[in-house]
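Take a look at the following structure, please.
The values are calculated or read from the model by the stated rules, or taken from the named source; none is laboratory data. This one's a predicted model, so the numbers in the text were calculated from it and none came from an experiment. Cβ placement follows ideal geometry from the backbone for every residue including glycine, while neighbour counts extend to all protein chains displayed. Note: areas computed on protein heavy atoms with side chains; ligands, DNA, RNA excluded. Shrake-Rupley method; radii C 1.70, N 1.55, O 1.52, S 1.80 Å.
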Amino acid sequence: MKNSFKLLLSFLLMSSSLFAFQEMENIEIEIIPVNKDVYMLQGAGGNIGILIGDDGIFMIDDQFPALSNKIKVKLESLSDQPVKYLVNSHHHGDHTGGNENFQEDGALIFAHENVRKRLKSDTTKTNGFPIVTFNDKMNLHINNNDIVVAHVHNAHTDGDALIYFPQSNVLHTGDTFFNGMFPFIDLKSGGSVAGDIEAAKTGLSLINENTNIIPGHGALSGYSDYKNYLNMLETIRDNVNRAISEGNSESEIIENETLTSEFYSDEEAKDFFITGKKIRKTFYDSLKK
């Protein structure tokens with residue numbers, strides 16, 4: 001897990017370099033059975049959700065473009081159907097990088113309207129944009145599942161969606177849930193601490209104690225993992241708010257490990273995508289707005 005996040009950070013920082021491409025060549029895509037006809041794919045970047053059936057493959061997110069062919073090979077081992085439907089949980093490149101490749105193969109891409117807006121703001125791209133967009137909620141009826149795609153406002157970004165398969169009892173949270181690590185709340189893309197907390201509450205309201213959860217990053221999860229994640233968000237929020245009310249400066253809060261050490265020490269989090277100091281700064285910046 002530590003190495004995968006180091007690789008992700010390297011790719012994000014050097015996405016145009018030969019080094020990053022070569023690193024992608026070394027990535028293996030792993031298939032993890034979830035429940036019934038639902039699978040999780042892990043490689044580099046965000047976790048992919050897959051629902052197979054006679055209607056064609058329904059996919060959530062697609063990682064980086066250099067991994068598309070590897071992903072397609074793995075999908076052939078699950079189904080002889082193509083990817084017909086693709087939902088982007090939000091706009092970040094480790095979740096949407098393969099859009100153009102799958103769209104060229106005929107996939108219809110769905111996402112929140114803000115995802116399309118943010119992807120189209122990249123003037124270097126001419127394809128791979130969502131074709132069907134929504135504002136608050138969308139229902140899809142594919143492969144014997146009445147799929148719920150629900151927008152959660154200003155959480156990880158301003159375009160996040162939770163995707164729930166009720167008949168399979170599986171929830172994909174996108175990056176509104178990072179399992180086993182501190183979250184990345186992208187304030188520059190409309191994310192907020194308050195919104196991320198509300199997203200977790202919304203997700204928990206959709207599911208039950210037997211639900212399997214595909215997080216944006218981290219291992220396959222369950223109800224208790226998700227509740228613990230919400231508790232972490234709320235506790236850190238309360239700790240940072242208290243420090244602010246007591247007159248602590250930004251630098252004092254960033255350096256105060258006790259605000260977050262109940263969950264991960266700075267030493268434990270040193271190789272996380274978001275370290276202890278980074279998460280304390282994120283919470284300070286969001287709560288001070």
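Scan the stretch 188-223 residue by residue and report those that are over 25 Å from residue 145 (Cα atoms), open to solvent by 20 Å² or more (accessible area, probe 1.4 Å) and aliphatic (A, V, I, L, M).
Passing the criteria: only 194.
Which of the residues spanning the stretch 235-248 are free of Cβ contacts under 8 Å to residues at least 40 places away in the same chain, assigned to a helix (DSSP H, G or I) and open to solvent by 50 Å² or more (accessible area, probe 1.4 Å)?
Within the stretch 235-248, 238, 242, 245 qualify.
Of all residues being farther than 18 Å from residue 106 by Cβ and assigned to a helix (DSSP H, G or I) in the stretch 32-67, which is farthest from the chain's Cα centre (by Cα)? Just the residue, please.
Restricting to residues being farther than 18 Å from residue 106 by Cβ and assigned to a helix (DSSP H, G or I), the top hit is 66.
Counting only residues that are of a type outside the set (S, T, N, Q), open to solvent by 30 Å² or more (accessible area, probe 1.4 Å) and closer than 18 Å to residue 193 by Cβ, how many does the stretch 224-234 have?
2
For the stretch 68-134, list the strands (runs of 3 or more DSSP E) that sit wholly inside it and hold at least 1 residues that are more than 18 Å from residue 160 (Cα to Cα) and at pLDDT 95 or above; which are they?
83-87, 108-112
Could you please give the count of residues in the stretch 141-166 that are over 20 Å from the mean Cα position of the chain (by Cα) and either open to solvent by less than 80 Å² (accessible area, probe 1.4 Å) or acidic (Asp, Glu) (or both)?
4
Would you pick out the residues in the stretch 254-271 that are hydrophobic (A, V, I, L, M, F, W, C) and open to solvent by less than 40 Å² (accessible area, probe 1.4 Å)?
254, 259, 269
Here is a list of conditions, (1) in contact with a Gly (Cβ under 6 Å, 6 or more places away or on another chain); (2) free of Cβ contacts under 8 Å to residues at least 60 places away in the same chain; (3) closer than 24 Å to residue 42 by Cα, and residue 222 meets all of them except one; can you say which number that is?
In the conditions (1) in contact with a Gly (Cβ under 6 Å, 6 or more places away or on another chain); (2) free of Cβ contacts under 8 Å to residues at least 60 places away in the same chain; (3) closer than 24 Å to residue 42 by Cα, residue 222 misses (1) alone.
If I go through the stretch 97-128 residue by residue, how many of them are open to solvent by less than 50 Å² (accessible area, probe 1.4 Å) and either over 18 Å from the mean Cα position of the chain (by Cα) or without any contact (Cβ under 8 Å) to a residue 24 or more places away in the chain (or both)?
Qualifying residue count for the region: 6.
So which residues in the stretch 249-289 are farther than 21 Å from residue 175 by Cα, assigned to a loop (DSSP other than H, G, I, E, B) and touching a Lys or Arg at 6+ places or on another chain (Cβ under 9 Å), if there are any at all?
Across the stretch 249-289, the qualifying residues are 256, 266.
So, residue 277, is that one basic (Lys, Arg), surrounded by fewer than 17 Cβ atoms within 10 Å (Cβ to Cβ) and under 30 Å from residue 115 (Cβ atoms) or not?
Against the criterion (basic (Lys, Arg), surrounded by fewer than 17 Cβ atoms within 10 Å (Cβ to Cβ) and under 30 Å from residue 115 (Cβ atoms)), residue 277 does not qualify.
Scan the stretch 28-46 for residues that are open to solvent by less than 40 Å² (accessible area, probe 1.4 Å) and in contact (Cβ under 8 Å) with a residue 60 or more places away in the chain and report the count.
Selection size over the stretch 28-46: 5.
For the structure I just gave you, tell me whether residue 185 is open to solvent by less than 10 Å² (accessible area, probe 1.4 Å) and either over 26 Å from residue 109 (Cα atoms) or more than 13 Å from the chain's Cα centre (by Cα) (or both).
When the stated conditions are applied, residue 185 does not pass them.
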